[in-house]
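Undergrad: My structure is below; once you've seen it, I'll send some questions.
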Ligand SMILES: Nc1ncnc2c1ncn2[C@@H]1O[C@H](COP(=O)(O)OP(=O)(O)O)[C@@H](O)[C@H]1O
Ligand SMILES: Nc1ccn([C@@H]2O[C@H](COP(=O)(O)OP(=O)(O)O)[C@@H](O)[C@H]2O)c(=O)n1
């Protein structure tokens, strides 16, 4: 079974996907990490997102992606990239990388090589990558709410974060359309556990473990 959880920047995709994956006893896959890794490695190699050498360069790297239920980890050989790719600098450059069809194909190839069951989160998991997923969700919240949540984990001021989120939402618009059959959840009024429980309750019969409470 594949569950997709898409949504705009800082809507709660990773945290919610981790909680749902743990409850189901399956891994979750953060597709955004791969776009972020491509952005960081392109920058470090001095390659522009438009450079035809970028995908061959990425293919030649010892990039390893660990889709653990507790949190995805990203390695370049023995160097862990997970934290390095969560920065305002990568945020500022990732949409240009993600706009390149050849980069999207590179990410999609890696995602489709994974063996189900898993939870997949990103922008287009329920549309372009796993259109036959058994359950699809799309998370939203106001830019202000999302900025407030992201501000707790970044050094930048909340106003600066909000402006950057709005800009990135616009740059990502093309790949961020919810699947028609996706359950759209406004996470603004809900706690993190509330969103997780909403998704677990909406899964097909038998997908979620029997509720003990
Ligand atoms: N419904 C929620 N209520 C409060 N905080 C939340 C909620 N969902 C996510 N968060 C917190 O907001 C921050 C951003 O969530 P994250 O999962 O990283 O979003 P995304 O993966 O969409 O960028 C994290 O610190 C997370 O714990
Ligand atoms: N399925 C996806 C996932 C991410 N992305 C791109 O990768 C960037 C980072 O994704 P992310 O999920 O890590 O970003 P946050 O929502 O966590 O801030 C997004 O801003 C998009 O530009 C995408 O185009 N398609």
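Any read-out appearing in this document is the output of simple, stated calculations on the displayed coordinates, not a laboratory observation. Predicted model, so just to flag it, every value in this text is computed and none were measured. Ideal geometry is used to build each Cβ from the backbone, glycine not excepted, and the neighbour counts take in all protein chains shown.
Undergrad: Given labels modelled 7 Å from the Cα in the Cβ direction, how far is it in nm from residue 193 to residue 89?
TA: Reported label-point gap for residue 193 and residue 89 is 3.9 nm.
Undergrad: Hey, could you pull the Cα Rg and Dmax for region 54-154, both in Å?
TA: Taking only Cα atoms of region 54-154, I get Rg and Dmax of 15.1, 40 Å.
Undergrad: Just the Cα atoms of region 128-187: what Rg and Dmax do they give in Å?
TA: 13.7, 40
Undergrad: May I pose another question? Measure nothing fancy, just the Cα-based angle from helix 13-24's long axis to the longest principal axis of the chain, in degrees from 0 to 90, nearest 10.
TA: 50 degrees
Undergrad: Helix 31-45 versus the longest principal axis of the chain: what is the Cα-based angle in degrees, 0 to 90, to the nearest 10?
TA: Helix 31-45 and the main axis of the chain meet at about 10 degrees.
Undergrad: Follow-up. To check you understand DSSP bridge types, tell me what percent of the beta bridges within the chain (both residues inside) are antiparallel, rounded to 5.
TA: 30 percent
Undergrad: Per DSSP H run of n ≥ 4, the term is -39500 (n - 2.57); total these for the chain, divide by its residue number, and report the mean residue ellipticity at 222 nm rounded to 500 deg cm²/dmol.
TA: -13000 deg cm²/dmol
Undergrad: Considering only 88, 37, 179, give the residue with the highest GNM mean-square fluctuation for the chain, with springs between Cα atoms whenever their separation is below 10 Å.
TA: Maximum among the listed residues: 88.
Undergrad: Moving on to the next point. For region 87-213, just say rounded, prolate or oblate: build the C-alpha gyration tensor, square-root its eigenvalues into a ≥ b ≥ c, call rounded for a/c under 1.5, and beyond that prolate if a/b exceeds b/c, oblate if not.
TA: Since a/c reaches 1.5 but b/c is at least a/b, the shape of region 87-213 is classed as oblate.
Undergrad: Dimensions of region 2-202 along principal axes (Cα, Å, largest first)?
TA: Rounded to whole Å, the extents work out to 45, 40, 32 Å.
Undergrad: Okay, moving on. For region 39-90, what number results from the quotient of the Cα radius of gyration and 2.2 N^0.38 Å?
TA: Dividing the Cα radius of gyration by 2.2 N^0.38 Å gives 1.20.
Undergrad: Also, quick follow-up: Considering only 159, 172, 124, give the residue with the highest GNM mean-square fluctuation for the chain, with springs between Cα atoms whenever their separation is below 10 Å.
TA: 159
Undergrad: Relative to the longest principal axis of the chain, what angle (0 to 90°, nearest 10) does the C-alpha long axis of helix 101-112 take?
TA: 50 degrees
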